[in-house]
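Have a look at the structure below before the remarks.
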Amino acid sequence: MHHFDAISAQLAQVRAGHTLPRDLYVSDEAFRFDTQVMLKSVWLYACTVAHVKKPGDWYQFELGRNSVIIVRGRDGAVRAFHNTCTHRGAKICNQPTGSGGRLTCPYHFWSFGLDGKLLAARGMPDDFEKAQNGLRPVAIENLGGLLFVCLSDNPPPIDRARADISAQIALYDLDRMKVADQYDLVDQANWKLVMENNRECYHCESNHPELLNSLDGNGFGKGLPEDNRDGDATQGEAAIEAMRAHWRELGIYRDLVEFPDGWWHRVARINLAPGAVSQTMDGKPACKKLIWPHGDREETSLSVWTQPNSWHHFCCDHVVTFSVMPLAADKTLLRTSWLVHEDAVEGVDYDPAYLSSVWRATNEQDRLLAEYNHAGILSDGYRPGRYSNEEKLVEAFKTFYVDKALEALG
Ligand code: FES
Ligand SMILES: [Fe+2]
């Protein structure tokens, strides 16, 4: 089957509580393995339903050599297809996004319906069967408005992630949101280092002044009391119970979901800084039109993290969503999108520059950190290092990676 002997040897050296051996981060072989084997065996976050809002809207999702067209049909359903023409294989969609009544190949103009059926192919022999030449489907699932794709013919289970995530984000109703701003950042670092950086806030205090304006204490990874088991509790039991009672009253309390039994999702309602109601520079809503029903007094936001490539924050006025995709061993695409209520008017209800300012600044800081990390791992002096108590979720990411890699290698 797959011959990734060097990868197997490196995986065998992985130690609990430690970073990975160098070549798993930096080698070209690991990049080939990740994009052609490991990442094809799992569900990957692609985009939200708001990215393909109307029938005919499509979004191109790329993983290594593979490209997937995510498209909304006339029936409102979102489907995914391999972005390769069934004639001679040309790539059909060659822009990041687009919209139209059909998917037309630029080479000889075969055209496909939004449901993937081949509609027109000129001058074909009599025995050519159009019905046999539709676009080849890719597995896609909608988790409360977050779209995940899987390039395997046998995708792993997704039911529990769907239930846990959609139960909590339904409140924000992504179906009635629109993309207000989006930008791509390319980090000169391996995608696993970009992910590891996201899974801890050990670095936050010294690096993220803008983010910490609106986040309480150590922020992510330490938001809930349950989350704080091994850290320094910032709140007494009574305060925690009062907070839970208040959340229950609003109907927004659920237990922390933290990568349960081999699953790949984490959902947590976290405290914002006192007085802050949104992840913005001044903690105030960035959009006047709110997306949730409880007003702008609630000093919490909801966050979702998934293995191996996404995280998302839901505030009362906007949603910000991140996808991570490898481009090369030392190059990673971080795509950030900000969503607001579909009726919100730019310039009146929101200013995209203000809406995105915290995370643009934070992403830039994180880019540098991931790049320093990658550069240092290239050194002959690098040895796998020990994770701190505040890096348990980094270990969880690393373990997910190693487990899926071993499974994929059989
Ligand atoms: S390759 Fe697409 S129409 Fe020929
Ligand atoms: Fe960070």
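Of the residues making up segment 333-373, those that are free of Cβ contacts under 8 Å to residues at least 60 places away in the same chain and either within 16 Å of ligand 1 (Cβ to nearest atom) or closer than 22 Å to GLU205 by Cβ (or both) are LEU368, TYR372. Given the conditions (1) surrounded by fewer than 15 Cβ atoms within 10 Å (Cβ to Cβ); (2) of a type in the set (Gly, Ala, Ser); (3) within 13 Å of ligand 1 (Cβ to nearest atom); (4) at negative phi, which single one is not true for GLY123? Of everything listed in (1) surrounded by fewer than 15 Cβ atoms within 10 Å (Cβ to Cβ); (2) of a type in the set (Gly, Ala, Ser); (3) within 13 Å of ligand 1 (Cβ to nearest atom); (4) at negative phi, GLY123 misses just condition (4). Among the residues of segment 97-104, not a single one is within 9 Å of ligand 1 (Cβ to nearest atom), in contact with a Pro (Cβ under 9 Å, 6 or more places away or on another chain) and not charged (D, E, K, R).
Determine, yes or no, whether ILE140 is surrounded by 13 or more Cβ atoms within 10 Å (Cβ to Cβ), under 25 Å from ASN309 (Cβ atoms) and near ligand 1 (Cβ under 10 Å from one of its atoms). So ILE140 does not fit the description; no.
Considering only residues in segment 101-142 that are under 26 Å from the mean Cα position of the chain (by Cα) and not in a strand (DSSP E or B), the one that is farthest from ligand 2 (Cβ to nearest atom) turns out to be ASP115.
Consider segment 123-175 and keep the residues that are touching a helix residue (DSSP H, G or I) at 6+ places or on another chain (Cβ under 8 Å) and among the small types (Gly, Ala, Ser). The one that is farthest from PHE259 (Cα to Cα) is SER152. The set of residues in segment 74-113 being basic (Lys, Arg) and either closer than 27 Å to VAL179 by Cα or in contact (Cβ under 8 Å) with a residue 40 or more places away in the chain (or both) consists of ARG74, ARG79, LYS91, ARG102. What residue, among those in segment 107-117 that are surrounded by 18 or more Cβ atoms within 10 Å (Cβ to Cβ) and under 20 Å from ILE140 (Cβ atoms), is farthest from ligand 1 (Cβ to nearest atom)? Top of the filtered list is LEU114.
We did not get these values from a lab; they are worked out from the coordinates using the rules stated. Remember, it's a predicted structure, so these values are computed and weren't measured experimentally. Virtual Cβ from ideal backbone geometry, glycine too; neighbours counted across all protein chains shown.
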